[in-house]
1. Of ILE184, ILE139, which residue is within 16 Å of the ligand (Cβ to nearest atom), surrounded by fewer than 22 Cβ atoms within 10 Å (Cβ to Cβ) and assigned to a strand (DSSP E or B)?
2. Give me the helices (runs of 4 or more DSSP H) completely within the stretch 349-422, filtered to those with at least 3 residues that are crowded, with 24+ Cβ neighbours inside 10 Å, ordered by residue number.
3. Assess whether ARG46 counts as being among the charged types (D, E, K, R), within 15 Å of the ligand (Cβ to nearest atom) and in contact (Cβ under 8 Å) with a residue 24 or more places away in the chain.
4. Return the residues of the stretch 268-290 that are loosely packed, with under 15 Cβ neighbours inside 10 Å and either within 18 Å of VAL360 (Cα to Cα) or touching a residue at least 12 places away in the same chain (Cβ under 8 Å) (or both); say none if nothing qualifies.
5. Has the stretch 241-262 got at least one residue that is hydroxyl-bearing (Ser, Thr, Tyr), crowded, with 21+ Cβ neighbours inside 10 Å and farther than 21 Å from ARG190 by Cβ?
6. Of the residues that sit in the stretch 345-360 and are in contact (Cβ under 8 Å) with a residue 24 or more places away in the chain, of a type outside the set (Gly, Ala, Ser) and in contact with a Ser or Thr (Cβ under 7 Å, 6 or more places away or on another chain), which one is farthest from ALA164 (Cα to Cα)?
7. Does the stretch 222-229 include one or more residues that are free of Cβ contacts under 8 Å to residues at least 60 places away in the same chain, part of a helix (DSSP H, G or I) and surrounded by fewer than 24 Cβ atoms within 10 Å (Cβ to Cβ)?
8. Anything in the stretch 203-242 that is in contact with a strand residue (DSSP E or B) (Cβ under 8 Å, 6 or more places away or on another chain), of a type in the set (A, V, I, L, M) and within 16 Å of the ligand (Cβ to nearest atom)? List them, or say none.
Amino acid sequence: MDSIIVRGNGPLNGQIAIAGAKNACLALMPATLLSEEPLTLTNAPRLSDIKTMTELLSSLGAEVSSLQDGKVQAMSSHNLDNHVADYDIVRKMRASNLVLGPMLARLGHAVVSLPGGCAIGARPMDLHIHGLEALGAEIELKDGYLHAKAPRGLKGAEITLGFASVGATENILMAATLAKGTTIINNAAREPEIVDLAKCLSAMGAQIEGAGSERIEVQGVDRLHGATHPVVTDRIELGTYMLAPAICGGEVECLGGRIELVGAFCEKLDEAGISVEETDKGLKVARRNGRVKAVDVVTEPFPGFPTDLQAQMMALMCTAEGTSVLEERIFENRFMHAPELTRMGANIEVHGGTATVHGVERLKGAPVMATDLRASVSLILAAMAAEGETIVNRVYHLDRGYERVEEKLGNLGAHIERVKGG
Ligand code: EPZ
C-alpha cells in the first residue's frame, strides 16, 4: 500500500485547478442506464471511485469509454444484459447503490447488493427503499441483496424524506423521470450535485422542477435520449485546497472555484480570519493577518456546513488561536482523524458527535494512518503545517477522491511525495 511523506515547508503560493466533482459524477454515470442513447460526461475527475463505477456499469452491460486522459466518460447502455450489481463491486464503493433507481425504471427489475456499513457510519438505505416503494416498486432483502421489481412500471407519487438524504434523492429522482405521472419529493437534498444531476437528466429530456430546493417535481416521460453534460466543479476538493494557504500561510488561487458552492464554509473561514476573494478564474485565499482564530462548526445538509469538510476544518483548528467546538450531525462516527491528529501533537477531546479542539502553537510530524477519504486529506493538510516529517499510510483512501494530490500541492511549494508500497 502506498504512503505519502510530507515535510512542513512554510507558506504555499500559486494556482491549483479544481476538478469535476466525484459525488456528482458518481450519480451522473448511472443516469446512462435510463436511456438507450449515449451519455457523455465532460470535466470528469480521474479517481479510483470513477473506475469502480465504470467496472459496475460494464458488469451490467453498459459500454463506458474513458477518453482525453480520463476527463471524458462516453457511455452507452444500449445493450444492458445483466441486472445484478454484485457485492464484490458494491462493497468497494457504496455509491454503487445509485444504479438501483435507474435500472428499476428502465428494466422494471434490479438486484443490488446492500453496501453494508462503512468507517463513518451505518449508512442504511431505508429512505431509498421507501421512496422507490412509493413509486410502486416491490423490494425485498434476500441474502444481502435488494431484489426490486416493478413489472407494470413505476407510477408517480408524493414522497416526503425523513432526512434530506443525497443518495435517496438521487435514486428517487432518476427513477421518477420514467415513472407514469407526477412525482413530488419533499425535504429533498439540495446539494449542488443534485442540481447537476437534474441538469443532466433535463438535457436527456426529463421534466424536472425545483432541483436545489426542498421540493422537487418530476413529470415522468416515456423515454430519455442521449446528451453531453459537463460535471460541476468539486466543492469538497475546492474547500480542501482553500484550507492549504489557511493552514500554511501564503496565497492560493483555486481555479474553477465559486463562492455559491461553498457559502457556509466561506462564512466560517471569514470568522477564522481567512480572506476569500472571487477572481475571474476562481477563488483567491489567504490569511488576513497572523494566526487563525478558533471557530465553532456544526455540519448540516447543504446549504449548511458540509460534513465532507469537517475533518479538514479540524486540521485547521488544531493550530488556531483558542478553542473550537466541531459538531458532526450527519454521520455518527466521523472523528477517526482526531486520534491521528493527536499523534501529531493536537489537543482534541471527542465526546460522541462533538469534538473540542484546543489550538496549539505548532504540530509535529509523525507516522499516521488514513481511515477514510476526508480523514486522509486532513492529515495531509496538518502535515504541511507541521514541524518535521509525517508519513501518511493507507493513502488508497485519498485516491478515491483526490486526483494527483502530490502534483497539485507540490506545485504550490509543498514538500510531498508518494512512496509506492508492496
Ligand atoms: C453523499 O453520501 C456523499 N457521497 C457523501 O460523501 C456525503 O458525506 C453525504 O452525501 C452527505 O453530504 C456521495 O455522493 C457518493 P446521505 P450519501 O444519504 O448519499 C442517513 C465523501 O466523502 N441515511 O445524504 O450516502 C445516513 O446514514 C462521501 O465524498 C439514512 O438513515 O449520504 C447519514 O447519516 C462520504 N437512510 C445521513 O442520512 C437512508 O436511506 C446522510 O446520508 C439514507 C441515508
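The values are calculated or read from the model by the stated rules, or taken from the named source; none is laboratory data. A quick note: this is a predicted structure, and the numbers were derived from the prediction, not measured. Reconstructed Cβ throughout: ideal geometry from the backbone, glycine too, with neighbour counts over all protein chains shown.
1. ILE139
2. Per the criteria, 373-385.
3. Criteria not met by ARG46.
4. GLU271, GLU278, THR279, LYS281, ARG288, ASN289, GLY290
5. Looking through the stretch 241-262, at least one residue is hydroxyl-bearing (Ser, Thr, Tyr), crowded, with 21+ Cβ neighbours inside 10 Å and farther than 21 Å from ARG190 by Cβ.
6. VAL360
7. Within the stretch 222-229, none of the residues are free of Cβ contacts under 8 Å to residues at least 60 places away in the same chain, part of a helix (DSSP H, G or I) and surrounded by fewer than 24 Cβ atoms within 10 Å (Cβ to Cβ).
8. Once the filter is applied, which keeps residues that are in contact with a strand residue (DSSP E or B) (Cβ under 8 Å, 6 or more places away or on another chain), of a type in the set (A, V, I, L, M) and within 16 Å of the ligand (Cβ to nearest atom), the stretch 203-242 yields ILE216, VAL231, VAL232, LEU238.
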